[in-house]
Each structure stands twice: as structure tokens, then as C-alpha cells.
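A short write-up of the structure that comes next.
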Amino acid sequence: MNPRPAGAILLALALASCGLFGKDDREPPCPKVFLASEISTLTRFRPGGGHDLTDVAFEVDLTGYTGSCKYDKNKLTVTLNVDFAVGRGPAGQKTANFEYFVAIPKMYPSPAAKRVFDVAYPFPPNAARGQFTDEIEVDIPLAARNAGPSNEIYVGLQLTPDELEYNRK
């Protein structure tokens with residue numbers, strides 16, 4: 001038996017798996033998503049009050065996410081389902097109003113590098129705690145220097161300087 005035909009077949013199979021013969025239909029992976037612990041919790045106090053337990057209006061925890069992505073010719077669309085847990089404090093209101101953001105540092109200085117989303121979570125009647133998921137889509141333009149999987153996406157709560165300092169303590 002001559003080993004040359006078998007070797008040629010193996011070489012052709014190896015090259016085909018690399019995408020040299022025709023188009024590779026596999027999509028690249030989705031970008032990595034990061035939830036920074038320092039900005040994944042928010043304690044909001046009533047206006048003009050102090051910073052003790054009785055002054056807490058509400059608390060929010062960014063608890064996780066699920067996501068998917070779809071590549072198009074010139075862009076990558078990332079769909080994120082961002083999970084939140086919300087608790088009403090002693091100084092609470094009927095609605096927890098806060099913001100969170102999605103940032104893609106590789107897109108800076110474009111205004112699209114950071115998007116801020118407003119949330120108005122109405123507490124259910126007679127409930128001090130709740131959970132919900134917010135679904136968002138983010139489009140990332142693709143270019144030679146900006147391949148989809150090389151992007152990093154950061155999700156966090158939009159905090160004031162005082163709220164960030166409170167988290168750090």
C-alpha cells in the first residue's frame with residue numbers, strides 16, 4: 001500500500017478544518033463580560049438624612065447576567081439579561097430609581113463606549129424585596145482592529161462619588 005494517498009487525504013482534511021478550503025461557518029466567541037464587585041451594589045439613603053440603617057431608602061445588588069451574541073457583516077450584537085435584587089429600606093419609597101451602565105473600553109472615546117440605563121423598579125404591594133431582569137442589546141461595530149471576542153464588556157451600577165466611597169468602606 002502506498003502511504004502517499006492516505007497522507008494527502010489527511011493533509012486535505014487538516015487544511016479544510018483550518019478554513020483554508022472554503023468559508024469557516026463557526027462564529028467567533030462572544031466578548032467577555034465583567035461585573036466589578038465594587039460597583040455591583042448600591043445603598044441609596046433618603047435625601048438629607050444620615051447614613052445609618054434607618055436612613056436607607058433602598059438597596060440594589062447586581063446579581064448576575066446571561067447573554068448571547070450574534071455576528072453580522074459589520075457589527076456584533078450582544079444581548080444581555082442583567083439580574084438585580086432590590087430591597088426597600090426603613091426610609092423606603094414605593095419605587096427604587098437607579099441607573100446601571102454597560103461599558104466597552106475598546107470603543108472609547110466614542111460616546112457609544114458607555115451606555116447608561118435608567119431603572120424605576122416599583123416594589124410589589126406589601127413586599128420589601130424583589131428581583132427582576134432587564135434585557136438590553138448593545139451593538140459593537142467590527143473593524144480590522146476591533147474583532148468581536150477581543151472586546152471586554154463591563155456592567156455596573158452607576159454610583160455617585162459618595163455611594164462609591166460607601167461601598168469601599
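For this structure, a couple of remarks:
- For the stretch 150-169, filtering for residues that are hydrophobic (A, V, I, L, M, F, W, C) and assigned to a strand (DSSP E or B) leaves 3.
- A127 being more than 12 Å from the chain's Cα centre (by Cα), outside any strand (DSSP E or B), among the hydrophobic types (A, V, I, L, M, F, W, C) and surrounded by fewer than 14 Cβ atoms within 10 Å (Cβ to Cβ): yes
- Against the criterion of being touching a residue at least 24 places away in the same chain (Cβ under 8 Å), open to solvent by 30 Å² or more (accessible area, probe 1.4 Å) and of a type in the set (G, A, S), A96 does not qualify.
- A single member of A120, A113, A144, A85 is modelled with pLDDT under 95, within 25 Å of E38 (Cα to Cα) and not acidic (D, E), and it is A113.
- Contacts under 6 angstrom Cβ, first residue in the stretch 118-129 being touching a residue at least 40 places away in the same chain (Cβ under 8 Å) and over 9 Å from T95 (Cα atoms), partner outside any loop (DSSP other than H, G, I, E, B) and basic (K, R), 6 or more apart: A128/R88
- If only residues of the stretch 29-61 that are among the charged types (D, E, K, R) and in contact with a Leu (Cβ under 9 Å, 6 or more places away or on another chain) are counted, the one that is surrounded by the fewest Cβ atoms within 10 Å (Cβ to Cβ) is E38.
The values are calculated or read from the model by the stated rules, or taken from the named source; none is laboratory data. Predicted model, so just to flag it, every value in this text is computed and none were measured. With ideal geometry, Cβ positions are generated from the backbone for all residues, glycine too; neighbour counts draw on all protein chains shown. Just the protein is used for accessible areas: all its heavy atoms, side chains included, with ligands, DNA and RNA removed. Shrake-Rupley method; radii C 1.70, N 1.55, O 1.52, S 1.80 Å.
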